[in-house]
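For reference, the structure discussed in these notes is given below.
The values are calculated or read from the model by the stated rules, or taken from the named source; none is laboratory data. All of these numbers come straight from a predicted model, not from anything done at the bench. Every residue, glycine among them, receives a Cβ derived from its backbone with ideal geometry; neighbour counts consider all protein chains shown. All accessible areas refer to the heavy atoms of the entire protein, side chains included, with ligands and DNA or RNA removed. Shrake-Rupley method; radii C 1.70, N 1.55, O 1.52, S 1.80 Å.
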Amino acid sequence: MRIGLIGTGRIGTFHAGVLSRHREVGSLVVADTDAARAAEVAERTGSTAAPSANEIFKWGVDAVVIASATAAHSDLIARAARAGLPTFCEKPIALDLPGTLGALREVETAGTQLQLGFMRRFDAGYTTARELVRSGRLGRLHTVRAITSDPAPPPAAYLPLSGGLYRDCLVHDFDILRWVTGREVVEVYATGSDGGPSMFRDAGDVDTAAAVLTLDDGTLATATATRCNGAGYDVRMELAGELDQVAVGLDDRTPITSTEPQGPPPATKPWPGFLERFAPAYEAELDTFVRMVQGEAENPCDGREALTALRIAEACELSRREHRPVRLEEIPAD
């Protein structure tokens, strides 16, 4: 199989390494707006560097992996769809609903496959939590708490391009909340704080956010995120039911210190970032994509799933701006 990879930044470079080692990928072609960076990644992974994304489509590939800057995602998805190519794309499809819906229409018109990169669906902890919830082990689920905390803010130049904390960061929590519980979000109430570095205020963004989400069976969920968690990268989910409760992301690398005399010791090697924490999940999602292209696996996260997560993020942004609860039905779905 020959795969074209567009984008060789941090996550694209990681994907290039995974794909170049995959037993079913015989040839990998990489491209980036920074041709020198693409050439360096190609040399390191034994791949072929293309002068630009145009050549990937001209030279002929069996599938496309998109890890480019977010602004290019929707156009590249549409281009791959028109070429009849199955596509894997890092989230999001686009930073707004019109761009997302336009790309989805291209995919649906072409009848091609689009898998979105919500890697938490492939993490062992979240997978086990899903199985426990679905099996009834926890009993009636009444409370879910989701946490995503970055150890340090991104570069200031990234913020205006990110879509904001809800769309860029918490969207992962919104997706995994639906996936683990099997329920839909019907209402949100969100707020945020921009008390950190001034670059967040300059970008019209917040550095810390919280949302209360009501699910369609009455389960209550909270989702919090921050860009300023100096202790380390912290991603967790707690699920509490009438019979039991479980926690995802709680191990000897969780960057939290107990104040209890008999509490566990603090992590000696806390998670530094998302690639280290979710490396096995990233590999698993690409393996699933390769098997999907070969007809051996179902699409684990299609474009409509990504649209739903974005609609929840949009509802949170609206709630934050207008200081009110927002029903999901207020956010267009097509």
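Structural remarks
- Between helix 10-21 and the chain: long-axis angle, C-alpha atoms, 0 to 90°, nearest 10: 60 degrees
- Qualifying GluC sites (Glu not before Pro) in the stretch 185-290, DSSP loop, other Cβ atoms within 10 Å at most 14: Glu242
- Computed [θ] at 222 nm, helices only, for the chain once each DSSP H run of length n ≥ 4 contributes -39500 (n - 2.57): -11500 deg cm²/dmol
- Computed with a 1.4 Å probe over protein heavy atoms only, the accessible surface of the stretch 184-236 comes to 39 Å² per residue.
- Angle in degrees between helix 35-45 and the longest Cα principal axis of the chain, rounded to the nearest 10: 80 degrees
- Each Lys or Arg adds one and each Asp or Glu takes one away; over the other residues whose Cβ falls under 11 Å from the Cβ of Leu101, this sums to -1.
- Apportionment of accessible area to carbon and sulfur, the chain, percent (1.4 Å): 50 percent
- What the Cβ-Cβ distance of Leu250 and Gln294 gives, at R0 = 45 Å and to the nearest 0.05, is a FRET efficiency of 0.80.
- The stretch 67-166: relative contact order in percent, alpha carbon pairs under 8 Å with at least 6 residues between: 25 percent
- Surface accessible to a 1.4 Å probe, per residue, for the residues of the stretch 28-155, Å²: 42 Å²
- The residues neighbouring Ala49, those whose beta-carbon lies less than 14 Å from its own, together hold a net charge of -3 under the Lys/Arg +1, Asp/Glu -1 convention.
- With contacts taken as Cα pairs under 8 Å at a separation of at least 6 residues, the chain carries a relative contact order of 18 percent.
- In the chain, the longest principal axis of the Cα atoms and the axis of helix 124-135 are about 60 degrees apart.
- Beta-bridge orientation, the chain: approximately 55 percent antiparallel, per DSSP, counting only bridges with both partners inside.
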